[in-house]
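Please read the structure below before turning to the comments.
The values are calculated or read from the model by the stated rules, or taken from the named source; none is laboratory data. Keep in mind it's a predicted model, so treat the numbers as computed, not measured. Note: ideal-geometry Cβ built from the backbone for every residue, glycine included; neighbour counts use all protein chains shown. Side chains included, ligands, DNA and RNA excluded: accessible areas come from the protein's heavy atoms. Shrake-Rupley method; radii C 1.70, N 1.55, O 1.52, S 1.80 Å.
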Amino acid sequence: MMNIELLTEESILNVFTYLDWRDLKSVSEVSPLFQRLSEDLTLHRDGFIKVDVTEAENLKMYESLKYVFKVRNISKVSITDVTRISKRNPGKGSADVTRLLGRLSPIADEIDNLEIKATVNESSLGVLQIFQNLQKLTIQDFFPVYDDYFENNKKPCLGYSDYCRMRDTWSLEGLKCLELEGRSWTLMGSLLRKTNKGLFRGLCCYHTDKRDLRLRNFDTGDVR
């Protein structure tokens, strides 16, 4: 078997371009040469990464994620749900989405485009607010954990009133485009009330499954 380290650095770099970002940390630990080449800028020009809901409890993936945070300027993240776990088991799946969002906290200020192609629940709302420089946010669907608890136990869940207050007051001031698909529009609360209070000042367009809205400046009436 050929020793890859006998290749030229250019050839090794070419091999590394075929690696997934999850593999780079373990490759960098092979030798000082591999460590240096794994950090080469040619491997980190893409500011987009994709993570899946099924990886929420994968500690090895999290270590790989932390490594990539250090060597790559990431501005766009997509959270996928390849196995549709957040649809088949929304209670657990939506909680895993919140856990994944928390994993992104070290680079929250660098992300300007966040796609959540999965189902979220109420707990995601608190974590979403750490992404203060977001310009575009997409959420596929919403599962109401508190409503589910009430239906099963015939009593309100502790924390529901806190969620309602957060839902009615949260904002991302840099956000320009918001896409809330399925039932995720309920996370917004009253958009009119929020804009009247001066929240979501940068928001230009708001998309749901039922309608698309263009927002107007409250003072001038001009389309943003």
Surface share of carbon and sulfur [accessible, 1.4 angstrom probe, percent] for the chain
51
Out of every Cα-Cα pair in the range 1-99, what percent are more than 22 Å apart?
39
To the nearest 0.05, how large is the calculated FRET efficiency for Y160 and K197 if R₀ is 22 Å and r is the Cβ-Cβ distance?
0.50
V120's amide H: which non-local residues (gap 5+, or another chain) put their own amide H closer than 5 Å, with H modeled 1.01 Å from N in plane and none for Pro or chain starts?
D141, F142, F143
Which listed pairs, of K92/K117; K76/K197; K60/K92; K117/K176; K25/K176, have C-alpha distances above 25 Å, in listed order
K76/K197; K25/K176
If you average 1/r over all unlike Cα pairs in the chain and invert the result, what Kirkwood radius do you get in angstrom?
19.5
I want the local charge near R84. Using Cβ-Cβ distances under 14 Å, sum +1 for each Lys or Arg and -1 for each Asp or Glu among the other residues.
0
What is the distance in Å between the Cα centres of the range 164-187 and the range 40-103?
21
Scan the chain and hand back the longest stretch that contains none of the GluC sites (Glu not before Pro) lying in DSSP loops with at most 13 other Cβ atoms within 10 Å.
58-172
Surface/4 of the Cα convex hull for the range 53-109, nm²
3.9
